[in-house]
Each structure stands twice: as C-alpha cells, then as structure tokens.
1. Using θ = phi - 60° and the Karplus curve 6.51 cos²θ - 1.76 cosθ + 1.60, what whole-Hz ³J(HN,Hα) does each residue of the range A:185-193 get, with Gly and Pro shown as x?
2. Picking from A:Glu68, A:Glu15, A:Glu55, which is most flexible by a Gaussian network model of chain A using Cα springs under 10 Å?
3. Quick check on the range B:263-370: take the gyration tensor over C-alpha atoms, sort the square-rooted eigenvalues as a ≥ b ≥ c, and tell me if it's rounded (a/c under 1.5), prolate or oblate.
4. So, with +1 on the Cβ of K and R and -1 on the Cβ of D and E, and no other charges, what is the size of the charge dipole of chain B about its Cα centre, to the nearest 20 debye?
5. If I stretch the segment between B:Glu268 and B:Arg85 completely, what's the gain in nm (0.36 nm per residue apart, minus their alpha carbon distance), one decimal?
6. Report the local net charge at B:Ala355: Lys and Arg +1, Asp and Glu -1, summed over other residues whose C-beta lies under 12 Å from its C-beta.
7. Once you've got the GNM for chain B with C-alpha springs shorter than 10 Å, pick whichever of B:Asp376, B:Asp353, B:Asp243 has the biggest mean-square fluctuation.
8. Do you know the relative contact order of chain B, to the nearest whole percent, from alpha carbon pairs under 8 angstrom that are 6+ apart?
Amino acid sequence: MESIALPASVTELMEALSELPGIGPKTASRLAFYLLRGHAELALKLADALHDLVEKTRFCSVCYNVTEEDPCPICSDEGRDHKTLCVVEEPLDLLAIERTGQYNGLYHVLHGALAPLDGIFAEDLRIKELEARVRAGGIEEIILATNPTSEGDYTASYLLTRLKPLGVRITRLGRGLPIGGDLEYADAMTLTRALEGRREMEG
Amino acid sequence: MGPMYVQTLSLRHFRTYARLELELPPAPVLLLGENAQGKTSLLEAIAYLAMGRSPLTTTERHLINWSAVEGGAPFAVVSADVAYRERRERIEIALQQTPTAGGERLGKRIRINGHPVRRADLAGHLNVVLFLPEDVRLVGGPPADRRRHLDDLLSQVSAEYVRALSRYRTALSRRNALLKHLRDEGGDTAQLLPLETALAEAGLFISLQRRACLHHLTRLADEYHRRITGGAWLRLHYRPSFDPLRPTEEAARQPPLFEALEDPPPREALLAAYRQRFEAMRTQEVTRGVTLIGPHRDEIRFIAEAVDLGTFGSRGQQRSAVLALHIAELAWLREMTGEAPLLLLDEVLAELDVARRHRLLDLIGSVEQTILATTDAEMFPAAFRRQALRLRVEGGIITPL
Ligand SMILES: [Zn+2]
C-alpha cells in the first residue's frame, strides 16, 4: 500500500488495521479516514486502550484468562468452588458463562480449539497446563464448554481421552446451544440450561 | 411423490446462459443444436439441482457465466419448478462470489420453496439419470470418478448419505493434516483418536450403503447387459480398501460376500475392527502423512465374462457396460423412490447401433420426462420426433421449432 499522495502515518495505520482478522484493505482505509477526520478524541482513547492492553494485561498463570493481576480475581476468590473447572476456548466464552450468574466454579481458557487444517494442534493450546492443574489434585469435575462446533467437539473428545485417566468426572455442556455457533453469542438463559443439563462424557 | 417432471427451468449467468426461462412438458424434449451452444449445460443445470453438485466439474466457479455478469458481485442461479402428482416444489441453487478478508469466497445457497436448506436436504426431491458420451471413460478411468458417480446416485435418495460423506471428508482432511504434522513436528498421537472414531462411524455407513447399492445395481445391470450383448454377464465388483465385514487381510482378498448383507455383524464389532485397523496402520500412515484406508480408497471394477473391462475391455464393450449401468440406475431409483427419475441424455444415440437405440427409446417411453440433446434430429424415428417438444439451442438462447 505504498502511496506518495498519503503521509506515512496514515498508510501505516491502514496497513496495521488491515492485518486484523476480518478487516480488508477497504475497511482499513475507511476506519483510518474516520479517525483522521475530526475524531481525534476517539483516536487518542484507542491509543491509550491499546497501550494499556499491551502494558497492563497478561494471562493469569493459573487459568490463562486475561487479567491485570496474577492470579486473576476469579482464581483468587475463596468464595468460589475450587473443585469444579469449566474449560472454554476463549476469554469471551468465560465472560458469557459469568454473565449467567449461575456458575460458581473456576475456569481454564485453552485459547483456541484443535484445528489441524488451520495448523492448530494440541501443543498450541493450554492443554499441558490444564493437565498439570488436574494432576495437582483438588479438582473433582471438569466441564468441557468448548463451542458446539465440529472443532469444539473434536477438542472436547480429545480432552476426554487425555483427562479421563486422571480419575475426574468429565462432563459436556447439554444440548440446546445452537449447533455451529459460538458460546459467546449464546444468551444467558440458553447457557444456564446447557450448564444445568451437562452430562457425563463417554469415551 | 407422484410422477415427477421439471415444469419450468430458469437460469441466470449459468455456463453459456445469461438468462433463460423455459417451460417444459411431461414428455420427451429434444434439444437440437451444434456443439458448445448450451445443450449439455442445460442438462447439467437439472442434474445440479438433483445432486446438489455438478456432475461435470468439481470447481463450482466454472458454473458462473463471467462474461454475462454486469457489475456487482458475480453470481449464478439455477432454479426449477418440479411437478409431482399433487404438488409442486421450487428448487433453487445460487452461487455468489463475495469478497472476504482472505480474498474471494464462493457462497452457495440452496432453497426449497424459498426456505434455506442444506445440500443433504435436496435428497429425494428431484431424481435424474444422466447419460453423457464421456461416461464410457468411467469404466477404465481413475477410481475416484467411479466413486463419485456412485456417491452422486446415493446422494439423490439419501440425505443421511450426504451427511456421512461430508462428515467423512472433514475428518479425513483433518486427519491427513494431523498425520503430516506428526511426521514433521511430532506431537500427541492421541489427537488421532477422535478423528478415527468419526472416520470409522461415517466410513462404515458409507461402505455399507455403497455395498447395498452395488448389490442391487449389479443384479439390474447384469440383466440389461445380457439383453444388449446377447448373453454376456456383467458384474460391478466392489473392492473396499478396508472391508470391515472382512477385517483380516486374507478374507479381504476374496470377492465380497453379498450374503453377508442379510446378517451383518453388530455395528460395535465393525467399528472396533475399523479402529484396530487404524491402530495397526498408524506407523505407516504417520510415515506417509496420509490416510491409507477407508471409502476414499474404495475401488469398483466392471467385470464381464470374467474379464476386467477397465483394463482389457474394448471401447464397444465399455460402452455396453456403461449403458447397462445407467439403465440399472434408472431401475434402482425407481425401486428406491417408487417413481421414475428424469432421463437426461446427451448425444447418446449416435454411439449406439439400431437395436440398442430402440431399447433406449423404449426406456424413454417408460418415464415421465426425458430431455435429449443432439446435433442430429434425423437419428430419431419420425414418430418420436412428432411427440417430442423440439427446441433449438444456439449460443445460450433457446427457441421452439
Ligand atoms: Zn485465573
């Protein structure tokens, strides 16, 4: 995207934006010019937020959720049930389950799902860390709350083969979630029902 | 379902056609015209609605008439009103090119009576048997063509078969990607297990369906083959790359036992045999980085009078075998659905002698609607020409004669 008609500061922003998932060059230039044309306040707010994102947030060393303090507030909350672990693909899925207000256990964020065709394998996810957590003891039930997609199901089946020998109860969210959809878009009522209707997984 | 025929066909930007609106009768239809004017594309369009995929290409963007697209997102639409005894249905498939983050994407939307459906849901709505001159190459060509031909037939009647094929393909491409990764980078082989379970379940369903279908087809095809060749027997021999009904190597070398269908071993035992085979193959498959057993490696051979026609058959013998197969397909579809399918014939008569031509015309008389494409109307008896609707096809434009 080299251009003599545009200053480097604008083309650099456009290039950076177009590297984001779901944003093509057309959208990137529209966004850049939107910020440029009299939305200076928004641009600076974005800059601050991006700066804080990099400087202040990190992953919780226990559950791998995004956090500003380590361990995260959920992991360090003594009032929560430390015997139950809910395994999700992404931090936004965790957020969706928290919004139901019906779950009081802990979480483990995998940061993705197994997708061999996209080059995502077991070693690319926080699975080793999950196994170590379970081995450390104290956990009685693991709820596999990966998305109701074909990748999510594959990931859940794989986790079952890997965690079953450790002697914990392993359950999967109940039916009712829209097939092929993402957990983060499911409404609180549907998610609550899926949590209540969770059933033991068979190997 | 009643006798079925295509009442109207409309095309937008499909192959040679910019736009076509065509009304068709429940009778033979003769498409007349020179080559490359759109006769075959019209037959292809109807088969596309029946199968949910084109029998002529696996690259769907080739179906779009790019030169007819005037600005906006390129698209193609094929739709038909199909009449049954007491109702009518509208089947539509639309392709649309849309820009995405990673480049262009070809979207495919299928509708029945305006409701969006999946490809599997097309099963049982419109059934066709398509005769193409190049089908003679099925006999000696690559095994993938014979598998695809059989899959297209089964997909017309069984939504479950279409779903199993799609589950199988997903699991297969994942497993192959994983095998390559394990070979090149290493990793936990237990990641293979859920994919192997998926492959075993879908693969078992697919191979039992193929076996049952071929069992019927071979009986029907043999009957017609004897009639058109003056007594030579024909057998469609199914050679699964892994036969869960005969899981040991030695047993697999024997011809398939169709009697086994009557009383197949319990499903759990078959699935277990499948998984054991995967386990036994693991080292070899990781080394090769590809899945070596399953329906994607099945073979179907045409055997006549103990001779493998794919390897040793003359062109004439291969033609008779394919004709017998197509006629068997028609009979099979009729048995499965209780109704005659549509016949779509492309330049088939030209290749046949007088006796075989007459048999084919008898066949046309036994179905509700046949659409025939030809460069030479003289090939057909005058009486036949009189009762058929005759249409001239020229440069993607159709005019009644
Ligand atoms: Zn945490």
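1. 9, 6, 7, 4, 4, 4, 5, 4, 5
2. Looking only at A:Glu68, A:Glu15, A:Glu55, the biggest GNM fluctuation is shown by A:Glu15.
3. prolate
4. With Lys and Arg at +1 and Asp and Glu at -1, about 440 debye.
5. 61.6 nm
6. Net of charged neighbours comes to +2.
7. In the Gaussian network model the winner is B:Asp353.
8. Once normalised by length, the contact order is 26 percent.
Here, each number is a calculation from the coordinates, and none is a lab measurement. Everything numeric in this text was worked out from a predicted model, so none of it was measured. Cβ atoms come from the backbone with ideal geometry, glycine included; neighbour counts cover every protein chain shown.
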